[in-house]
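This report refers to the structure that appears directly beneath it.
The values are calculated or read from the model by the stated rules, or taken from the named source; none is laboratory data. If you're wondering where the values come from, they're calculated on a predicted model, not measured in any experiment. Because the Cβ atoms are built from the backbone with ideal geometry, glycine has one as well, and the counts that use them run over all protein chains shown. Heavy atoms of the whole protein, side chains included, go into the accessibility calculation; ligands, DNA and RNA do not. Shrake-Rupley method; radii C 1.70, N 1.55, O 1.52, S 1.80 Å.
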Amino acid sequence: MSAKEINEIKAIAGSYNLENYDQVKDTFEWEDAAKELSYFQTGKVNAAYETIDRHVEEGYGDKIALHYINGDERKSLTFNEVKHQTDHYAQVLKDHGVQKGDRVFVFLPKTPACYISILAVIKIGAIAGPLFEAFMEEAVKDRINDCKGTVLITDKELVKRVPQKDIPSLETILFAEEIDALPQAPAKESLVEWVDLEDGLIIHYTSGSTGKPKGVLHAHRSMIHHIISGKWVLDIQEDDVYWCTSHPGWVTGSVYGLFAPWLNRATIVIQGGRFKAENWYQLIAELKVTTWYSAPTAFRMLLSQGEIFKEYDLSSLRHILSVGEPLNPEVIHWAWNNLGLRIHDTWWMTETGGHLIVNLPNEKIKPGSMGRPFPGITVGILDSEGNELPRGSVGQLAIRAPWPGLMKEIWGNKDKFNSYFLYEGWYISGDLALQDEEGYVFFQGRSDDMINSAGERIGPFEVESKLIEHPAVSEAGVVGKPDPIRGEIVKAFITLRTGFVESEALLEEIRLFVRKNLSAHAAPREIEVVDELPKTKISGKILRRKLKEQELQKLHA
Ligand code: ATP
Ligand code: MG
């Protein structure tokens, strides 16, 4: 496509610049966002082309595409270099016979090679299956077997956790170190496989908070969702240095760590190594990160480290976002008081392929709320028959289907897929929420987590948030414990902050604190102090299901 044609498209697309939410929310059409992609011109698309090659063609080849930082190691690559390396990987995959639609898994630490491998797979029309680097044998095996992956790109270290003999579909294992060392053949013809919007792009397994992870297949059309939410929610600007802390093995790490920022031509940060507050702050200061997307569990860890952030120059930051779990108001207040910035919560799921409920940069934030529906998205709060409830009532959080990012299928499980669409025209999230008069949506828990005590429905999140406002409480997980009279009682598991010692008096004080500041019926009747709360591996979500299981086991022991 010529620069002139591209500018023409941009001119049309420019008409939907986000000035304010109320202005666009009723007029925005997804079709407008599609105009940013080459698909709009040609009817054919490829996500790897749109994220990298296109910027090179448009004259941005020398712009920094990524900064990589791991301990003392530093590396930066331009869009030219990322394109070049992606072509190299893509050629190697082709030489190994990879075909359109094949599932190619990528099991690599958070390094440039991980991002480049994913793009190379997509470039030749295959489906990328990124795996989180901390997965052990079982997790790796289950996922590759589930969708019959034929090729795996990994490294000499992680391959030790690949039980090859238990994965019969796996024909080829490629090592990133070896691909890097191969001589790079001069590009012959373009390696881009032009595909349809409905063709498979990436398969992500859910976090497993509520059971066995599901293989969620996304199509190339999700890019329409990625590009526009990157522009509006991440608010990507030309000079941004954007850091998403999630690994591409999770949907946040691919959609908002790779696709959305690169579709919008941002410079991204790839950070290797484990979480350490000092390193995170140091990274922001050194690379002058402007935009930072992370998760409540990480923010809570930073918060619990006290004031060390004062030793770093964090003045480059202008926009912070959060996803994955309820964002406790306490955390919002901490960032506001200490960093001078509001954290913008976003709500979406692996299955939804992109943001659905968001806080746009210039809109009012209500702590405790996840924000408002993204333009083009309609939220419904439904009762158990699928009828819409009036504003202010708690019910099933549902979204009018479809939208561009919505999953294409759950791999090999039609019944599971259909279970999201029980009520005509709606996608059911499995979360409970209420929506206020102004359209703000408040998370109340997962459907399975809701506590029913003496006829009152109590969402665990509100109780947890109140608990951690108490100075002694570091983290909290709240569940319903079966009770012969009340049906269930509210039981809280808490961890204490350093310096606090468990005592009857302290627990009573915490209980009264919730009673006084939240409500009598939601105050935990039982509080148990634990060393740590069970969480999903690394995505770090509190596993209420585990807490509840433990309670049930104790009761029946
Ligand atoms: P599984 O589906 O395997 O049980 P999971 O639901 O945790 O795992 P994800 O798709 O990673 O897998 O997470 C989506 C879920 O995360 C949402 O359904 C919701 O419960 C929670 N979530 C995401 N963002 C937010 C948010 N901003 N506030 C509250 N909860 C959130
Ligand atoms: Mg889920």
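With the condition kept exactly as written, say whether any residue in the range 397-408 is at pLDDT 95 or above, of a type outside the set (A, V, I, L, M, F, W, C) and open to solvent by less than 60 Å² (accessible area, probe 1.4 Å). Yes, the conditions are met somewhere in the range 397-408. Here is a list: Gly208, Gly149, Gly215. Which entry is touching a residue at least 24 places away in the same chain (Cβ under 8 Å) and on the phi > 0 side of the Ramachandran plot? Of Gly208, Gly149, Gly215, the one residue that is touching a residue at least 24 places away in the same chain (Cβ under 8 Å) and on the phi > 0 side of the Ramachandran plot is Gly208. Being out of contact with any Pro (no Cβ under 9 Å at 6 or more places or on another chain) and modelled with pLDDT under 95 is a description that applies to Ala185.
Per the listing Glu325, Glu330, Glu385, Glu363, the residue uniquely outside any loop (DSSP other than H, G, I, E, B) and on the phi < 0 side of the Ramachandran plot is Glu330. Answer yes or no as to whether Leu170 is more than 24 Å from Gly353 (Cα to Cα) and at pLDDT 95 or above. Criteria met by Leu170. The single condition among (1) closer than 19 Å to Val233 by Cβ; (2) within 12 Å of ligand 1 (Cβ to nearest atom); (3) not acidic (Asp, Glu) that Gln396 does not satisfy is (1). Among the numbered criteria (1) surrounded by fewer than 21 Cβ atoms within 10 Å (Cβ to Cβ); (2) away from ligand 2 (no atom under 11 Å from the Cβ), which one does Leu201 miss? Condition (1) is where Leu201 drops out. Do we have any residue at all in the range 38-45 that's among the polar types (S, T, N, Q), without any contact (Cβ under 8 Å) to a residue 40 or more places away in the chain, open to solvent by less than 10 Å² (accessible area, probe 1.4 Å) and not in a helix (DSSP H, G or I)? Within the range 38-45, one or more residues are among the polar types (S, T, N, Q), without any contact (Cβ under 8 Å) to a residue 40 or more places away in the chain, open to solvent by less than 10 Å² (accessible area, probe 1.4 Å) and not in a helix (DSSP H, G or I). From the set of residues in the range 488-527 that are of a type in the set (Asp, Glu) and closer than 22 Å to Ile542 by Cβ, which is least open to solvent (accessible area, probe 1.4 Å)? Ranking the candidates gives Glu488 first.
Against the conditions (1) touching a His at 6+ places or on another chain (Cβ under 9 Å); (2) open to solvent by 40 Å² or more (accessible area, probe 1.4 Å); (3) more than 26 Å from His88 (Cβ to Cβ), Ala134 satisfies every one except (2). Within the range 421-436, the set of residues being open to solvent by 20 Å² or more (accessible area, probe 1.4 Å), away from ligand 2 (no atom under 16 Å from the Cβ) and assigned to a strand (DSSP E or B) comprises just one member, Leu434. Of all residues in the range 378-424, those satisfying the criterion of being small (Gly, Ala, Ser) and within 30 Å of Gly101 (Cβ to Cβ) are Ala401, Gly405, Gly412, Ser419.
Out of the residues in the range 48-73 that are buried (at least 21 other Cβ atoms within 10 Å of the Cβ) and among the small types (Gly, Ala, Ser), state the one that is nearest to Ile228 (Cα to Cα). Once the filter is applied, the top-ranked residue is Ala48. Strands (runs of 3 or more DSSP E) fully within the range 164-237 that include at least 1 residues being within 16 Å of ligand 1 (Cβ to nearest atom): 200-205, 215-219.
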